[in-house]
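Inspection log for the structure reproduced underneath, given as structure tokens.
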Amino acid sequence: MQAIILAAGCGSRLAQVLNGKPKCLTQVDGVTLIEYQLAVLRSFGITDVCVVLGYQADQVYRVIGDQCHCIINHRYAQTNSLYSLSLARDWVRGPFLLLNSDVLAHPLVYQHLLTASGSALAYDASSGTEAEHMKVSLVDGKLQRISKALAIEHAQGESIGLLKFDAQDTAQFFCDVETSLSQGGENQWAPAAVERLAKTRSITGVNIAGLPWVEIDFPQDWLQACEHVWPRLRQSVSTLRLNCPLPLSLTAAPVNAYAEAA
């Protein structure tokens, strides 16, 4: 199993929190989002990770070092996550996880997704009532639609930005990525290709409602992460039996991930 983390964005709506740092380096209790994601992936034995960088890529690289394969989206300011995803097409060899770098989620979310059969998408059935939400529609547990433009009355929840593609669907998915780019342009979200794939392949919806998670787009999301999500998540992470230990910064006193970079 491989993993792709989309981390090219600058996080302009989080400017007052980030102070010029890229979005994936948002800190919660001294831990950056991307460090946490990499730690959880390692705990499940996923070490072959590609990070698509863009804004302030050098800052991110100083944090993650050479533990990942890095691809630079030099056109991050003119494109969106669909284009960033397309840059990783030649790197993927088989089944993989796809993550947005602004998501903080409990390890059990990853576990539920990894143990689901075939390709799967994690969603929260208790959410999906706001225009900003990436809403999903499912029939018999299978994904039909995924879009922010999906009418709320037709949505069964919100995608949390964490998906799994099995080996049989990977090639078709990246064909759908290219088709979506050619037909809809480069300024689309990656779910445009996910919805296209759902028309020909089965994508199981994995409902993770009740587990702590947050997508950090706005300062209020960051406050929610710090005050509500992380306290629940941190307590669970410290006692959860993982395949390998998480970094000390996740289970002991928090550290400043930017100490050396600063």
Exercise. Given the structure, is residue 131 part of a strand (DSSP E or B), over 16 Å from residue 170 (Cα atoms) and either out of contact with any Lys or Arg (no Cβ under 6 Å at 6 or more places or on another chain) or touching a residue at least 24 places away in the same chain (Cβ under 8 Å) (or both)?
Worked result: no
For this session: Report whether or not residue 15 is more than 28 Å from residue 94 (Cα to Cα) and aliphatic (A, V, I, L, M).
Result: yes
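Specify the residue that is nearest to the chain's Cα centre (by Cα); the eligible residues are those in region 170-198 that are in a loop (DSSP other than H, G, I, E, B) and surrounded by 15 or more Cβ atoms within 10 Å (Cβ to Cβ). Please lay out each step first, then the result.
At the first step, the residues of region 170-198 found to be in a loop (DSSP other than H, G, I, E, B) are 185-190.
In the following step, the residues that additionally are surrounded by 15 or more Cβ atoms within 10 Å (Cβ to Cβ) were identified as 186, 188-190.
On the way: 186: 19, 188: 16, 189: 12, 190: 11 Å.
Step by step, filter region 170-198, then rank; the result is 190.
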Exercise. Name the pairs whose Cβ atoms lie under 9 Å apart, with the first residue in region 83-99 and more than 8 Å from residue 2 (Cβ to Cβ), the second surrounded by fewer than 18 Cβ atoms within 10 Å (Cβ to Cβ) and of a type in the set (S, T, N, Q), and 6 or more positions between them or separate chains?
Worked result: 83/187
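Looking at this structure, is residue 190 out of contact with any Asp or Glu (no Cβ under 6 Å at 6 or more places or on another chain) and either without any contact (Cβ under 8 Å) to a residue 40 or more places away in the chain or farther than 29 Å from residue 18 by Cα (or both)?
For residue 190, the condition - out of contact with any Asp or Glu (no Cβ under 6 Å at 6 or more places or on another chain) and either without any contact (Cβ under 8 Å) to a residue 40 or more places away in the chain or farther than 29 Å from residue 18 by Cα (or both) - is not met.
Can you tell me which residues in region 55-81 are in a helix (DSSP H, G or I), of a type in the set (Val, Ile, Thr) and either over 13 Å from residue 9 (Cβ atoms) or over 18 Å from the mean Cα position of the chain (by Cα) (or both)?
Of region 55-81, the ones in a helix (DSSP H, G or I) are 57-64, 81.
From the residues that got through so far, the ones that are of a type in the set (Val, Ile, Thr) too are 60, 63-64.
Answer for region 55-81, where residues must be in a helix (DSSP H, G or I), of a type in the set (Val, Ile, Thr) and either over 13 Å from residue 9 (Cβ atoms) or over 18 Å from the mean Cα position of the chain (by Cα) (or both): 63, 64.
Is it the case that some residue within region 141-162 is in contact with a Lys or Arg (Cβ under 9 Å, 6 or more places away or on another chain), among the hydrophobic types (A, V, I, L, M, F, W, C) and not in a loop (DSSP other than H, G, I, E, B)? Can you show your working first?
Going residue by residue through region 141-162, those that are in contact with a Lys or Arg (Cβ under 9 Å, 6 or more places away or on another chain) are 144-152, 154-159.
Applying the additional criterion that residues be among the hydrophobic types (A, V, I, L, M, F, W, C) yields 146, 149-152, 155.
So of that shortlist, the ones also not in a loop (DSSP other than H, G, I, E, B) come out as 146, 152.
Scanning region 141-162 turns up at least one residue that is in contact with a Lys or Arg (Cβ under 9 Å, 6 or more places away or on another chain), among the hydrophobic types (A, V, I, L, M, F, W, C) and not in a loop (DSSP other than H, G, I, E, B).
Readers should treat all values here as calculations from the given coordinates under stated rules, not as data from a laboratory. Nothing here was measured: the structure is a model prediction, and the numbers come from that model. A quick note on method: Cβ atoms are made from the backbone with ideal geometry, for glycine too, and the neighbour counts reach across all protein chains shown.
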